[in-house]
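Note sheet for the following structure.
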Amino acid sequence: MLDRIVALAMRMHLLVYWPCVILYRLYFHPLAGYPGSKFAAISTSSWEFYWNYYHNGRMLFEIERLHKVYGPVIRIGVNDLHVSDPEVYQDLTRINSGFTKDVGFYLTISLPGTSIGETNPEKHRVRRKVLSPALSGTRVQELAPAVLRKAKELLSRFESASDTSSPVCVTSAAKAFTMDIISKIVLGQELGCVADPSFRNELTKHLNAVFRMGWTATAFPRLSALALQILSMTSVLPFPVPLASLKRSCLSITKEYLDIFNPKHVARGTAARIGGRNTNNNSRSAVIDVLMDPTNVESHNVPSLDELNDEILMLLIAGNDTTSNAVIFAIYQIATHSTVRQRLFKELKEALPSLGEKGWITYDQAKRLPYLV
């Protein structure tokens, strides 16, 4: 008898609770006044699962379609808005805007305590201040020769493929190019992805697996948050997560760097050996050095090995994916729009005579070219 009463109570709960939740989310929720997907307004996870799994990653295009129908600000979840207006976006993301990171969201996509995953504004401010010298415009300019060498290496691969009429995967090439550069900034060494016949190495293999599973973070937020919380404490998980493999692969490089270049024991500029080769300042990681310097910024706590590796991991993922996607998209747009290609070619051709024997356009020259910029 008791079992029947409990079962009836559960049915009544479902019959009353969920209709009330749906009505609230559609008509009384603080975001109810924003246009968008009613399905998404009822259940964020179900909507994302439907578009990113059942429709194989089409959520991005569905969002674009909704913007065309409803305008620059649309509702794409129970508590989520999507903005396509650059001015609104700038207002939301500027420093001291008053808008802070959504803790629930960042727990599902990043490792806690990192510059990307830290949701406490004060702690994030300290970490950002610590990292600023390593990621400044001046530091990037210092890496210009390395970027140029890498660009020439990639172009050489393209020319060799052209000579043999072999196809080249632009996506893989762009991601290899940016990974070699970001790894130089973050780890102090290039990973050699451009030189690899398939434009990959062990780290990028795991990274690609992470991105293929990326949609699960928001489709299954609680499971993802749990996995990342465990992953922040260990690289071993009771269930397969590509990020765990990536973390283990990155950890060996981070540990090797600290064993050789630990700021407490090795003076800057001291030659050493890493990966079987001589190294000097060119092999130093500005990111690791500033993070391991206890005197860098007030209130900065030197991270443990695992915490340091988490930060490096997040920077590698963010630095590689964002930049490579921009390169891929730019190449696609140039290749598919003849007017863009012709105008860009004309501007570059007119700039070439001023290059002399260098054979390349420097950043200072490029930023003065109106169409390219």
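Scanning segment 298-311 for residues that are surrounded by 17 or more Cβ atoms within 10 Å (Cβ to Cβ) and of a type in the set (S, T, N, Q) yields one hit, 309. All conditions but one from (1) over 31 Å from the mean Cα position of the chain (by Cα); (2) at pLDDT 85 or above; (3) not hydrophobic (A, V, I, L, M, F, W, C) apply to residue 354; the one that does not is (2).
For segment 312-339, residues that are over 20 Å from residue 194 (Cβ atoms) and crowded, with 17+ Cβ neighbours inside 10 Å total 3. Go through the residues of segment 114-128 one by one and say whether even a single one is within 20 Å of residue 326 (Cβ to Cβ) and in the same structural domain as residue 247 (by TED's automatic domain parsing). For segment 114-128, residues within 20 Å of residue 326 (Cβ to Cβ) and in the same structural domain as residue 247 (by TED's automatic domain parsing): absent.
Each row is one residue, and each column tells you yes or no for (1) touching a residue at least 12 places away in the same chain (Cβ under 8 Å); (2) within 21 Å of the chain's Cα centre (by Cα).
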position: 48; (1), (2): yes, yes
position: 61; (1), (2): no, yes
position: 74; (1), (2): yes, no
position: 84; (1), (2): yes, yes
position: 87; (1), (2): no, no
position: 91; (1), (2): no, no
position: 95; (1), (2): no, yes
position: 98; (1), (2): no, no
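Residues satisfying the criterion are absent from segment 154-164 (criterion: charged (D, E, K, R) and under 23 Å from residue 255 (Cβ atoms)).
Within segment 80-113, the set of residues being more than 23 Å from residue 33 (Cα to Cα), of a type in the set (A, V, I, L, M) and in a helix (DSSP H, G or I) comprises 103, 107, 109.
The values are calculated or read from the model by the stated rules, or taken from the named source; none is laboratory data. From a predicted model like this one, the values you see are computed outputs, not experimental measurements. Methodologically, a virtual Cβ is constructed for each residue, glycine included, from the backbone with ideal geometry; neighbour enumeration extends over all protein chains shown.
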